[in-house]
Amino acid sequence: MAAFAQDRWRVGWLALITFHLHLVCDLVGSRGPSLQDLWPIFYFGPFTHKPMLLWRGQWRLDGWQNRYFSSVIFLWALWLGAKRGDSFVGVFNRRVDNIFCAVLRKWRETLVLRLRGQPRAQPIARVEGQKEKPGRAGP
């Protein structure tokens, strides 16, 4: 991807950092169900099996640590989407991303108001002379 980027060096370094972060996360949190089911990381795999990285303290793949970390990262991604107006949904569709970010912003504003103890906005009162919808009782 770096070859097609405008800032090739920056994209190249970010790709290298992301790759190594992925390896560290795999090393730490990719154990199988039993304590003996450790999953090794082959740094140059699939080309060669050396060097092989293995850590005996690996977390279970479905363990609470991975669930907590994934939840925190997901909530952070939602918060960034609300703050910046650009989210991971934009990878698939920009128009849907704009709608998604607008909903996130509305949720964030509501959450901030609740945390500050401010009352929610009241619904707009009905204008006199407006027809009632059938099947609904008036005020």
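Summary table below
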quantity	calculated
Within the range 55-83, considering residues that are farther than 22 Å from ASP97 by Cβ, surrounded by 10 or more Cβ atoms within 10 Å (Cβ to Cβ) and basic (Lys, Arg), the one nearest to the chain's Cα centre (by Cα)	ARG67
Test: residue in the range 26-35 that is at pLDDT 90 or above, touching a helix residue (DSSP H, G or I) at 6+ places or on another chain (Cβ under 9 Å), of a type in the set (A, V, I, L, M) and assigned to a helix (DSSP H, G or I)	yes
Residue satisfying condition, being among the aromatic types (Phe, Trp, Tyr) and in contact (Cβ under 8 Å) with a residue 12 or more places away in the chain, within set TRP76, TRP39, TRP64	TRP39
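The values are calculated or read from the model by the stated rules, or taken from the named source; none is laboratory data. Computed from a predicted structure; not experimentally measured. Neighbour counts run over all protein chains shown; Cβ positions are idealised from the backbone, glycine included.
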